[in-house]
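Okay, structure first, notes after.
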Amino acid sequence: MGESPIWEQVGAGFVQVYYQQFDTNRSELGSLYGESSCLTWEGQQFQGKTAIMEKINSLPFQKIQHSVTTHDHQPTVDGSVLTMVVGQLQVDDDPVMGFQQLFVLKNMDKRWICMNDMFRLALHNFA
């Protein structure tokens, strides 16, 4: 079987690095974002590496473990990579929760960075 397309390689590699780094030392995630990157976290919007890292570092838990169920990747018309992740996470001793996360990865100065990041917990109100 042939080598997977570049967008698959870039997306899969990013997913592996992002969640490994988030779970072990989230304060180091800043290297994956740029100055014009955007984050939407549960409906709250942040722009720029500094604002994004302030949000990520302020999350109210001591430990987190992500388990990625699946990820899909597509090329965009401008040469970026669209990456969709579905999985579960556990923070501290809380119950396991589902999540979805969407990334747009862009090659800038021969380095792939996350330009757009949207995160949502998969919580449902059945009441």
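Read the figures in this text as sums done on the coordinates, not as results from a lab. Computed from a prediction, not measured in an experiment: that's the story for all the values here. Cβ placement follows ideal geometry from the backbone for every residue including glycine, while neighbour counts extend to all protein chains displayed.
What the table shows:
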| quantity | calculated |
| --- | --- |
| Computed [θ] at 222 nm, deg cm²/dmol, the chain (DSSP H ≥ 4; -39,500 (n - 2.57); rounded to nearest 500) | -7500 deg cm²/dmol |
| Per-pair calculated FRET efficiency, R0 = 25 Å: S36 and Q9 via Cβ, rounded to 0.05 | 0.55 |
| Relative contact order (percent, whole number), region 6-121, Cα cutoff 8 Å, 6+ residue spacing | 26 percent |
| Mean separation of Cα contacts under 8 Å (6+ apart) over length of region 64-127, as relative contact order % | 26 percent |
| With Cα atoms, 0 to 90° folded angle of helix 6-25 axis to the chain main axis | 30 degrees |
| Among M53, M115, M97, residue whose mean-square fluctuation peaks in a GNM of the chain (springs only between Cα atoms under 10 Å) | M97 |
